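Colleague: What follows is a structure written as structure tokens; I'll ask about it next.
The values are calculated or read from the model by the stated rules, or taken from the named source; none is laboratory data. Because the structure is a prediction, the values reported are computed rather than measured. Every residue, glycine among them, receives a Cβ derived from its backbone with ideal geometry; neighbour counts consider all protein chains shown.
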Amino acid sequence: MILGMEDFEAYAQSFVDGLMDGDVKNVVICPGSRSTPISIAFARRAGEVRQWVLYDERSAAFFALGMAKSSSSPVAVVCTSGTAAANLFPAVAEARLGRVPIIAVTADRPPESRDFGGAQTIDQVRLFGSHAKWSQDMPVASGADSSIRYARLVGARASHAAASTPQGPVQVNFSFREPLISEKPSVEGWEGRSRGGVAVVGSKSIADEGELRRVAAELSTLPRGIIVAGPGDYGGTLRDGLSTLSERMGWPILADALSNLRQDGALRSGLVRCYEPLVRSEGFRAKRPDCVVRLGGVPTSKELNSFCQGVRTVLLDDGEGWRDPDFWASTMVFGDLAHSVSCLSDALERAPAPDPTWLGTWLQADEEAQARMDALMDKMGEPFEGKLFHTLSKNLSPSSPLTVVVGSSMPVRDLDYFFPGGSKNIRLVANRGANGIDGVVSTAMGVSASEGDVLLVLGDVSFYHDMNGLLASKLYQLNATVIVVNNRGGGIFSFLAQHSLPKELFEQLFGEAHDLDFSAVRLLYGGEFSRVADWGSFDGALASSTKGKGLRVIEFVAPERERNLELHKEAFQKLSSPSTKGEVRR
């Protein structure tokens, strides 16, 4: 049977309408031939689904990830067949581990082309393997009513699978035979959705309340515990519940920077911001807790993870993931986090009041650590990477909400250590699923597309890795300030065991030295560029940039990598040893 174009189009249109049933409101489209039916189907729904057209599939997928991370709603990304689909893989991996809802719609050649040398044809069936929550290889379009209905339900199911807890990526692979478009393609006459929509109603799993009361009874016998809030989204109910739990247990809350609980007024009580200098100190390492209650992602701080090593650990998780890479969990509690925390608090409501000494010790030490950090950073004259984040914490006070995207490797670690807190209008995000340095620029542009202004801070190698992500800012007039911390290479390796290798071998294999003049981005992508190497210039550039529009790139010229290592070690030593005298060199 020869498939009529009206049936062919209806098949693709029904799938797109199913995505819309599942609340897809944004799609990132990469131009390509084989994906034409899906792209045109989205074009017909331009009034209901916004289309963002980007030319590099890898960048486009991270752009979609940024939008989905910002909105917590599923975002689709469409690409053609072959290596184009393979270029979505890094973002899919990040989305799975970072729990971000994206829908990879990969166009494919028909089955008879596979494994017979067909051009632009690779094996795309379940291309992303276990990295996708759900995958579906669609049959070649059929004119049967059941096929059209099936496509609608697959679209709705894909949206639901991506958005359900734990959120994550899905893949739908479409095989299309030519012709891919009619002789006179048109988007006219398709204003209304196809009939037969499906309502998708989600649900949340909750932990057994009886088991939670049992856990609470055990915790009540352990006076020296800590609550660790890892990276994640802590809404109002969960945030308030954590404060109540801290009060009733007498335990401090050690909040990762990416939890956004350090921001002004986020937590009512129990908050410890500068915990890393404390857990590095000999005095506090002798005060190891009896128990850890951890929720959210794995903490950024290796020192905190080391501090908790071997301690009885209760993990609260809102999905079915098992985020325990060090195998310390003694109890796993799966279910909605706000419900789990509330049940634990309720079970402790009539328990005897805790001894305030333990919590008081942590809060006093945290206050002293913050004062030491402020004094040390004030004396720091060199353009130290750590002071950059401390300066941002003090100087950023936007009148409207601002998302700060932070790159992997050194920037996110410096953020966690040196960013004690900030304005309630600041939200910090990072790609901490797979922790890669790739796609960070594109992710930030996706956040900007969703929210408006964005501030991105990342390293020079990470910036080089994804400079083409800046194209989105030019195409869609996005407002983004990009701070590139340039220490001329891979600064993170100076902190790792590889640094003990002979200098020439280290530089050859790990130094990642380059001689790039980043000012050239202005010629390619427009916007403004400035290069700063002192604090006065940086403060001026930041103040000017955050008030501007469009793309603004600030290259922050940090000390070379060996000096950067020395400054970090000096700061760590002074902040972890309160009794140590001396000043940081200017």
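Colleague: For segment 287-325, how many residues meet the condition of being assigned to a loop (DSSP other than H, G, I, E, B), among the hydrophobic types (A, V, I, L, M, F, W, C) and under 25 Å from the mean Cα position of the chain (by Cα)? So that I can check it myself, show each step before the final result.
Modeller: Initial filter on segment 287-325 (assigned to a loop (DSSP other than H, G, I, E, B)): 287-290, 296-301, 308-311, 318-325.
When the remaining residues are screened for being among the hydrophobic types (A, V, I, L, M, F, W, C), the result is 298, 308, 311, 322.
With the extra rule that they be under 25 Å from the mean Cα position of the chain (by Cα), the set shrinks to 298, 308, 322.
Number satisfying all stated conditions: 3.
Colleague: Which pairs have Cβ atoms under 9 Å, sit 6 or more apart or on different chains, and link a residue in segment 50-64 that is free of Cβ contacts under 8 Å to residues at least 60 places away in the same chain to one that is of a type in the set (S, T, N, Q) and part of a helix (DSSP H, G or I)?
Modeller: Correct list of pairs: GLN51/SER39; GLU57/THR83.
Colleague: Does GLN120 satisfy the condition of being closer than 19 Å to SER33 by Cβ, surrounded by fewer than 24 Cβ atoms within 10 Å (Cβ to Cβ) and in the same structural domain as GLN51 (by TED's automatic domain parsing)? Let's see the steps before the verdict.
Modeller: Numbers: closer than 19 Å to SER33 by Cβ: yes; surrounded by fewer than 24 Cβ atoms within 10 Å (Cβ to Cβ): yes; in the same structural domain as GLN51 (by TED's automatic domain parsing): yes.
In short, yes.
Colleague: Of all residues in segment 227-266, count the ones that are touching a residue at least 60 places away in the same chain (Cβ under 8 Å) and outside any loop (DSSP other than H, G, I, E, B).
Modeller: Going through segment 227-266 one residue at a time, the tally reaches 14.
Colleague: Could you tell me whether segment 267-286 includes any residue that is outside any strand (DSSP E or B) and in contact with a Cys (Cβ under 9 Å, 6 or more places away or on another chain)? Walk me through how you get there before you give the answer.
Modeller: In the first step, residues of segment 267-286 are kept if they are outside any strand (DSSP E or B); the result is 267-270, 273-286.
Remaining after also requiring in contact with a Cys (Cβ under 9 Å, 6 or more places away or on another chain): 279.
Yes, some residue in segment 267-286 is outside any strand (DSSP E or B) and in contact with a Cys (Cβ under 9 Å, 6 or more places away or on another chain).
Colleague: Here's something else I'd like to know. Looking at ALA338, ALA369, which is the one that is in contact with a Pro (Cβ under 8 Å, 6 or more places away or on another chain), in contact (Cβ under 8 Å) with a residue 40 or more places away in the chain and hydrophobic (A, V, I, L, M, F, W, C)?
Modeller: On the way: ALA338 fails: in contact with a Pro (Cβ under 8 Å, 6 or more places away or on another chain).
Result: ALA369 is the single residue among ALA338, ALA369 that is in contact with a Pro (Cβ under 8 Å, 6 or more places away or on another chain), in contact (Cβ under 8 Å) with a residue 40 or more places away in the chain and hydrophobic (A, V, I, L, M, F, W, C).
Colleague: When you look at ALA76, is it under 30 Å from ASP115 (Cα atoms), at pLDDT 95 or above and either not assigned by TED's automatic domain parsing to the domain that holds VAL16 or not in a helix (DSSP H, G or I) (or both), yes or no?
Modeller: Working: under 30 Å from ASP115 (Cα atoms): yes; at pLDDT 95 or above: yes; either not assigned by TED's automatic domain parsing to the domain that holds VAL16 or not in a helix (DSSP H, G or I) (or both): yes.
Yes.
Colleague: Cβ-Cβ under 9 Å, sequence separation 6+ or interchain: first residue in segment 289-314 and more than 19 Å from VAL341 (Cα to Cα), partner of a type in the set (Asp, Glu) and surrounded by fewer than 23 Cβ atoms within 10 Å (Cβ to Cβ). Which pairs?
Modeller: Note: pairs meeting the criteria are ASN305/ASP326; CYS308/ASP326; GLN309/ASP326; VAL311/ASP290.
Colleague: Can you tell me which residue in segment 461-474 is surrounded by the most Cβ atoms within 10 Å (Cβ to Cβ), limited to those that are farther than 12 Å from SER408 by Cβ, touching a residue at least 60 places away in the same chain (Cβ under 8 Å) and not small (Gly, Ala, Ser)?
Modeller: LEU470
Here is a yes/no grid of residues against (1) modelled with pLDDT under 90; (2) within 30 Å of SER73 (Cα to Cα); (3) surrounded by fewer than 19 Cβ atoms within 10 Å (Cβ to Cβ):
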residue	(1), (2), (3)
GLY202	yes, yes, yes
LEU219	no, no, no
VAL228	no, yes, no
ASP233	no, yes, yes
ASP256	no, yes, no
CYS274	no, no, no
VAL292	no, no, no
VAL311	no, no, yes
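Colleague: Now for a separate question. Give just the number: which of (1) more than 21 Å from GLY129 (Cα to Cα); (2) assigned to a strand (DSSP E or B) does LEU19 not satisfy?
Modeller: (2)
Colleague: Within segment 487-515, can you find the residues that are assigned to a helix (DSSP H, G or I) and either basic (Lys, Arg) or not assigned by TED's automatic domain parsing to the domain that holds ALA558 (or both)? Let's see the steps before the verdict.
Modeller: Of all residues in segment 487-515, those assigned to a helix (DSSP H, G or I) come to 491-495, 497-500, 503-509.
Correct list: LYS503 only.
Colleague: Still on this model: Kindly list the number of the only condition in (1) surrounded by fewer than 22 Cβ atoms within 10 Å (Cβ to Cβ); (2) closer than 25 Å to PRO401 by Cβ; (3) of a type in the set (A, V, I, L, M, F, W, C); (4) in contact with a Pro (Cβ under 8 Å, 6 or more places away or on another chain) that fails for VAL100.
Modeller: Here VAL100 meets the rest and fails (1).
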